[in-house]
Amino acid sequence: MLSDPVIFIHRTVGMFAMAMAAVAIFVGLWRRIELPKLSAALLGAGTILLAVAAGGPVWNRAKNGDIAVMVDLSPSTRGANYRKADFLRKRIAELIGDAPHTLIGFAAENRPLDADGPLDEMASDRTIFSPPAADAILLFSDARFELPEKSPPVDVAVDAGLENVGDAAVTRLEHFGNEISATISNTGPSRKVRYPGETGTAEIMNVPFSPIEKGTFIISRSVPRGDLDARVELNPGDLWPENDSLSIPISSPWRSGKWWIGARAASGWRFFSPGEIPTGADEYLGPTAIVIDNQTADGFSPLVLDRLMQYVRDLGGAILLVGGDKAFSSGGYSGSILEQLSPLESSPPRAMRRWVLLADASGSMSQIPAGGISRWQAATEAIIRLLPTLPPADMVQIGQFADSVHWWIGPTTAAEAAKSSLPPAGVFPHGPTNLESALVQIAYQSDAKLPTELVLISDCDAQISQAEQDAENLRAKQIHLHVLAIDRGAALGTIRKISAATGGTVALQFDPGQWAAAVRDICQSARPTLFYREPVDIRTIGQGRTIGDETARVWNRVWLKPDAELLADAKWQDVSVPMGARWQVGAGQVAALAFEPSRSQIEAWARLIARGPHDPRFSVHREMGSRIHVALDAIDGKKYLNDLAVALEIHEGENRSSVPLAQTGPGRYEMTMDAPARAQIGVLRAGDEIIDEFTLAAHYPAEFDAVGNDHTAMRALVDLSGGRMIWPGDHGRVDFRWPKVATPLGPWLCGGSFFLIGIGLIASVGRRK
C-alpha cells in the first residue's frame with residue numbers, strides 16, 4: 001500500500017534474496033565455519049541488510065506544507081462569526097494549532113492580514129476566490145463565488161453565523177405595457193414594500209401579497225400617469241440594504257401608444273408641443289408612430305431632433321411629417337434633421353437663386369463686445385452656420401469687404417460651400433468700410449441669369465454718395481440687398497433706402513450671439529414661397545390607395561428624393577408634383593405629406609407606416625434577474641431558420657454596443673450577460689430586422705444577489721480540490737493529509753551491509769593472526 005510507511009518495490013526479488021541469505025547463514029552454521037562470534041554476527045547482519053536492499057525498500061515519510069488561511073471579507077459575509085477577530089483567532093487555533101500559516105483576506109482581490117489587526121470589510125461588487133501558492137488552504141467564507149479551475153486542497157470552515165441568514169431582496173423588476181412586476185425573496189422576518197413616487201404613499205405601505213413570511217412573491221402594479229420611472233423598495237430590516245430596491249425607467253404610461261406633435265391631436269394620441277417632447281432615450285421605445293403636424297425645424301431642440309433620428313434609424317420607429325405653412329421650405333427644413341428624415345425634398349433640385357454673402361472686414365470688426373468673441377468671429381460664424389440651411393442646389397459666393405472685396409469661395413453650390421473650411425487662412429479685419437465700392441463691384445460682376453440675394457453683415461459705418469445710382473445698378477441685375485446691421489453706423493439710413501428700392505430687407509441686431517439666427521431669418525424670408533393656398537386634387541398611388549383621394553386646400557411645393565416611394569401626387573400647372581412619399585431610414589420608416597389632411601386622414605396615413613406586430617417567425621424568451629438571459633426561437637412553419645446574424649444591441653444614452661447571440665440548436669439563439677448597473681435599452685435584431693425592444697433595469701452588484709452559506713458550492717470546491725467541509729461543531733485538528741515524500745532505502749541498506757561485512761571480515765583476519 002502506498003500509504004504504508006515502508007514499501008518494497010521489488011518484493012519478489014527481495015523475497016528471493018532473503019531466502020538466499022537464510023540459506024547462506026544456515027550453511028555457515030551447519031558447516032561450523034570457524035569465525036569469531038563478532039565476525040559471524042556482523043557478516044550475518046550485513047547479508048540480511050543486503051537481501052532487504054534487493055527488495056527496493058522505500059520510506060514514505062510525511063512532510064508538512066505551507067498553510068494559507070483565507071478569510072472572506074466581502075459584503076455578503078456580514079454577520080459571520082469569523083468577522084470577529086477574537087473568534088477567528090480561537091477557531092484557527094482549534095483547527096491548526098500553532099502550525100505556521102499565512103493569513104489572507106479577500107473579496108475582489110487578496111491582501112495580507114495582520115493576525116492581531118481588525119477585520120475590516122473589503123469593498124467588492126463580486127467576490128473572487130483566487131487561491132494562493134500554498135500546499136493547503138483553510139477557508140472561512142460563504143462560498144458565494146465562481147469556483148477556480150484548480151486549487152490546492154481546501155478545507156472549508158462552515159460559519160454558524162452565515163447559516164439560515166435572514167435577508168429580503170427585490171430580485172427582479174420588469175415592465176410589461178402599463179404594468180410593472182417585482183419579484184421579492186424573503187428568508188427572514190416579515191417586511192413591507194412600497195413604491196416611492198406613487199400618489200398618496202408618503203409612508204411604507206403593506207401589500208396584501210407582500211412576503212409576510214419566508215418565501216418568494218411576485219407583486220404587480222399599474223404604472224400611474226406621469227411616472228417616469230418605477231422603483232420598488234423594502235423597509236430596512238437586514239444587513240444588506242443594497243438589495244432592498246430596484247428601479248426601471250418607464251417610457252410612458254402607454255408604451256404602445258402614438259405621439260402627435262402639433263396643435264390638433266386626434267383622440268387616442270399622446271399630444272406634445274415641440275417644447276414638451278420627451279428627451280430620454282428610453283421614452284422612444286413606446287410609440288408605434290410619431291406624427292409631426294406642420295411644425296418648424298427650429299421649434300425642436302437639437303437633442304429632440306437627435307432622438308427622433310435614433311427612434312427611426314435605430315429603434316425601427318415610424319414618423320409621419322405633415323405639411324402646412326410651417327413645414328418643409330416654409331418651416332426651414334433645409335439643413336435640418338427633419339430634412340434628412342423626409343422622403344420629400346424642401347428645395348428644388350436645380351439652382352433658383354444666387355446668394356452673395358459678405359462680412360464687413362473693416363477695422364471696427366475687431367472689437368470684442370461682452371461675450372468673449374470679436375465681432376469678426378461672430379459674423380463669420382453666422383455665415384458658416386447659414387450655409388447648410390440654404391437650398392443645396394443654389395449658387396453661393398462668399399467673401400468680405402473693407403477697402404475692397406475679397407472672395408473666400410465661389411461661385412459654387414450651397415451644398416459644396418457647406419463642406420468648405422471657412423474662413424480661409426490669413427483673413428482678418430482691417431482698414432475702412434468702403435461699402436459703396438463693394439456694391440458697385442458686385443453689380444458690375446453679376447450676370448443677372450439668376451435672382452441674387454446679397455446679404456451683408458456690417459456696422460454700416462460708411463460713406464455712400466450715389467445711393468440712387470447704386471440702387472438702380474443692383475435692381476438692373478436682379479440683386480436684392482439684405483443687411484444685418486450690427487450697429488447704427490452713419491450710412492444706416494441710406495442703406496435702408498437702397499435695400500427697400502431693391503426689394504431687400506434690413507434687420508438690426510446688436511447681440512453677437514443672435515447674429516446667426518438673424519441672418520438665417522433674413523435668408524428664409526428672401527427665399528421664394530413654396531407654400532400655396534390654392535386647391536389641388538390629391539391622387540393616391542400604390543399603398544396610398546387604401547386611404548383614398550382627397551382635395552387639399554393648402555399645400556407645399558416639394559420634390560421626390562431618390563429611392564423614395566411615391567404615395568400621392570397632384571396636377572399643378574400641367575405638371576405632376578409629389579404630395580406624399582415614404583422611404584426606409586435605418587430600421588424604420590418615414591412618410592411625408594406635402595399638404596394638410598384632416599385628422600382622420602392623418603391617422604390613416606400613420607397606420608400605413610406604424611410598426612406592426614413582430615415577425616411571427618420569431619419567438620423571444622427573456623429572463624431578467626441579476627443575469628440577463630435572452631433566447632430566440634426562429635422557425636418558419638416547420639423549417640428552422642439557421643445561421644442568422646442575431647445580436648442584442650445595448651443602448652445607454654449615446655453609447656451603443658452589440659452582444660451576439662450564439663446558435664445553440666436548430667433555430668435557437670441564446671446569450672447571457674450580467675444585469676447592468678445603469679438602466680439600458682435592449683434592441684434584439686436578426687440581421688436588419690428588429691425583433692424585440694425592452695428596458696433593462698438598473699441592478700445592484702452581483703455581490704448582493706444571494707447571501708448566507710452556499711453548501712452546494714462548498715461541496716463542489718472540496719470535491720474539486722480534495723479538501724473537506726468542517727462544520728461548526730467540529731473542534732478537532734484538521735488533517736491536511738500532507739503528501740508523502742518517497743525516500744529509497746536501498747542505497748543506505750547496501751552501504752550499511754557493505755560496512756558490516758567489511759568490519760566482520762577485518763575482525764576475522766585479525767583473529768587468525
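The values are calculated or read from the model by the stated rules, or taken from the named source; none is laboratory data. All values derive from a computational prediction rather than experimental measurement. Virtual Cβ from ideal backbone geometry, glycine too; neighbours counted across all protein chains shown. Calculation scope for accessible area: heavy atoms of the full protein, side chains included, ligands and nucleic acids excluded. Shrake-Rupley method; radii C 1.70, N 1.55, O 1.52, S 1.80 Å.
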**OP:** Determine the distance separating the Cα centre of the range 441-493 from the Cα centre of the range 48-73; give it in Å without decimals.
**Re:** 106 Å
Subject >> Approximate spin-label separation E179-S130, in nm, with each point projected 7 Å along Cα-to-Cβ >> reply: 4.7 nm
**OP:** Please turn the phi angles of the range 410-420 into ³J(HN,Hα) values with the Karplus equation 6.51 cos²θ - 1.76 cosθ + 1.60 (θ = phi - 60°), one per residue in order, whole Hz, x for glycine and proline.
**Re:** x, x, 8, 6, 4, 5, 6, 4, 5, 8, 7
Subject >> Hits among aspartates and glutamates - C-alpha to C-alpha of K192 under 12 Å, sequence gap 8 or more where chains match >> reply: E203, E213, E233, D244
**OP:** Estimate the FRET efficiency between E94 and L239 by the formula 1/(1 + (r/R0)^6), using the beta-carbon distance for r and 35 Å for R0, to the nearest 0.05.
**Re:** 0.85
Original post:
What's the extension gain from Q340 to K214 if we count 0.36 nm per residue and subtract their Cα-Cα distance?
Top reply: 39.6 nm
Subject >> Alpha-carbon centroid distance for the pair the range 651-724 / the range 150-185, whole angstrom >> reply: 16 Å
Subject >> Charged-residue dipole, Cβ positions (Lys, Arg, Asp, Glu), the chain about Cα centre, Debye nearest 20 >> reply: 2840 debye
**OP:** Could you look at the chain and say what percent of its accessible area is carbon and sulfur, using a 1.4 Å probe and all protein chains?
**Re:** 54 percent
Original post:
Quick one: accessible area per residue over the range 556-668, 1.4 Å probe, rounded to a whole number of Å²?
Top reply: 51 Å²
Subject >> Accessible surface, per residue, of the range 389-529 when the full set of protein chains is kept, probe 1.4 Å, Å² >> reply: 45 Å²
Original post:
Between Q367 and K561, what is the FRET efficiency for a Förster distance of 45 Å, r being their Cβ-Cβ separation, to the nearest 0.05?
Top reply: 0.50
**OP:** Might you report the magnitude of the Cβ-based charge dipole of the range 1-82 about its Cα centre, with Lys and Arg at +1 and Asp and Glu at -1, to the nearest 20 debye?
**Re:** 300 debye
Original post:
From the residues L593, P343, V69, which one has its Cα farthest along the dipole of the chain in the positive direction, the dipole being from +1 and -1 charges on Cβ of Lys/Arg and Asp/Glu about the Cα centre?
Top reply: V69
Original post:
Where in the chain are the DSSP H helices whose alpha-carbon span along the long axis reaches 27 Å or more and whose Kyte-Doolittle mean is at least 0.0?
Top reply: 11-31, 746-768
**OP:** Give me the number: length gained by fully extending D688 to H711, i.e. 0.36 nm times residue separation minus the C-alpha to C-alpha distance, one decimal in nm.
**Re:** 3.7 nm
**OP:** Work from the charge dipole of the range 348-446 (Cβ charges, +1 for Lys and Arg, -1 for Asp and Glu, about the Cα centre) and give the residue of S404, N434, M352 farthest towards its positive end.
**Re:** M352
Subject >> Amide hydrogen neighbours beyond the local backbone of E345, cut-off 5 Å, H modeled >> reply: W559, L560, K561
Original post:
Using only the Cα atoms of the range 531-672, what do you get for the radius of gyration and for Dmax, in Å?
Top reply: 21.8, 66
**OP:** Could you pull out every one of the lysines with an alpha carbon less than 29 Å from that of K150, ignoring same-chain neighbours closer than 8 positions?
**Re:** K63, K740
Original post:
How large is the accessible surface per residue of the range 15-83, computed with a 1.4 Å probe and reported in Å² as a whole number?
Top reply: 55 Å²
Subject >> Charge dipole of the range 527-576 about the Cα centre (unit charges at C-beta), most positive-ward option of W555, L566, I541 >> reply: W555
**OP:** Evaluate the charge dipole of the range 598-696 about its Cα centre and quote only its size in Debye, nearest 20, assuming +1 on the Cβ of each Lys and Arg and -1 on the Cβ of each Asp and Glu.
**Re:** 240 debye
Original post:
Could you list log10 I(q)/I(0) for the chain at q = 0.08, 0.09 Å⁻¹, which the Debye formula gives when each Cα is one point scatterer?
Top reply: -0.90, -1.00
**OP:** Please give, to one decimal in nm, the separation of the simple spin-label points placed at T412 and T664, each 7 Å out from Cα toward the Cβ.
**Re:** 5.6 nm
Original post:
Over what distance in Å are the Cα centres of the range 93-146 and the range 619-635 separated?
Top reply: 38 Å
**OP:** Go through the range 537-551 residue by residue and turn each phi into a ³J(HN,Hα) via Karplus (6.51, -1.76, 1.60, θ = phi - 60°); whole Hz please, and just put x for glycine and proline.
**Re:** 8, 8, 10, 7, 10, x, 5, x, 5, 5, 9, x, 7, 7, 10
Subject >> Length released on extending from K638 to R678, taking residue separation times 0.36 nm less the Cα-Cα span >> reply: 10.4 nm
Original post:
Going 7 Å from the Cα of D4 in the Cα-to-Cβ direction, what parts of the range 43-64 have a backbone nitrogen less than 13 Å from that spot?
Top reply: 55-60
**OP:** Grab every C-alpha pair in the range 612-697, bin the distances at 5 angstrom width from 0 up to the longest one, and report whole percents.
**Re:** 3, 14, 27, 25, 17, 9, 3, 1, 0
